[in-house]
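Read the structure below first, then the notes.
Taken together, the values in this text are just the output of simple stated rules run on the coordinates, not laboratory data. None of the values given here were measured: they were computed from a predicted structure. FYI the Cβ positions are ideal-geometry reconstructions off the backbone, even for glycines, and counts take in every protein chain you see.
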Amino acid sequence: MIKSTLLSVLALGATATVFGQAAAAPSNAVQFTLDNTVVTEYVFRGQQYGDLTFHPSIKAAYGDFYASAWAALSDNLTLGDHEIDYAAGYSVALNETFTVDLGGTYYSYTGTVGNTDTIEPYVGVKADVSGLGLGLYYYYDLLIDDSTYEAKATYSFPIEAIKTSLDFSATVGFVSGDLTENVVIADNYTYYGAALALPFQVSDNATLTVGISYTDVSEDAINDSSETVYSTGLAVRF
């Protein structure tokens with residue numbers, strides 16, 4: 001399925017926050033972000049897909065358009081040897097508060113039996129309310145006919161003493177559909193979690209982020225225990 005743990009998302013979000021404090025690149029220039037994150041477990045939407053995993057990624061942004069490539073590299077992934085995801089989208093601000101995001105992700109897996117690759121289009125609305133970030137997204141998996149509804153809230157607490165911030169996020173989502181095309185496994189479930197991250201700017205264009213996340217689900221058939229994930233990531237923008 002998809003990709004990142006909550007912490008991977010937080011690491012990218014924290015990086016964007018820190019970079020926003022630096023000199024802005026010209027609006028007509030392509031901006032790249034290279035991120036290398038290691039997580040103690042690969043967890044997505046409440047499901048564990050691997051233990052210690054390396055997540056390299058690169059993202060390009062030009063105006064309101066963006067594209068990225070992201071990977072999950074581990075010795076024991078449940079879906080094949082490796083996972084590589086390609087995404088592209090268009091994110092446009094409606095006003096100072098609301099932003100609409102449209103895009104899609106192609107998920108590819110090596111070493112699997114049969115065709116497990118899939119495409120997942122998505123649409124989302126994001127809002128910034130006095131520093132509180134809010135997001136509501138809908139995803140649809142074309143291979144297994146899964147619909148996912150996800151809501152997320154983020155907030156950053158400045159820590160001036162060490163020139164960083166404590167970045168918090170909370171997520172709740174609902175997956176509806178035939179998750180694994182197997183009647184033994186629960187088709188519908190809720191996942192929820194929270195995460196904390198500390199970003200440290202190590203140079204004008206590089207940020208080191210450490211974090212922790214907690215995730216749980218409503219159905220034991222999906223995951224019979226909650227998951228706590230630790231992560232460390234280095235992001236460089238150029």
With Cβ to Cβ distances under 12 Å as the rule, what net charge do the other residues near Phe65 carry (K, R +1; D, E -1)?
-1
P(r) for region 58-119, please, calculated from all Cα pair distances in 10 Å bins and given in %.
20, 38, 25, 14, 3
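Please report the relative contact order for region 46-182, taking Cα pairs under 8 Å with a sequence separation of at least 6, and give it as a percent rounded to a whole number.
Values: 303 pairs, mean separation 18.2, N = 137.
So the answer I get is 13 percent.
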Cross-link reach from Lys59 to aspartates and glutamates, straight Cα distance under 14 Å and at least 8 residues apart if same chain, gives Asp35, Asp85
Alpha carbon convex hull of region 51-170, volume per residue in cubic angstrom:
144
Residues Arg237, Arg45 arranged by fewest to most Cβ contacts within 10 Å
Arg237, Arg45
What net charge do the residues around Thr209 carry, taking every other residue with its C-beta under 12 Å from that of Thr209, with Lys and Arg at +1 and Asp and Glu at -1?
-2
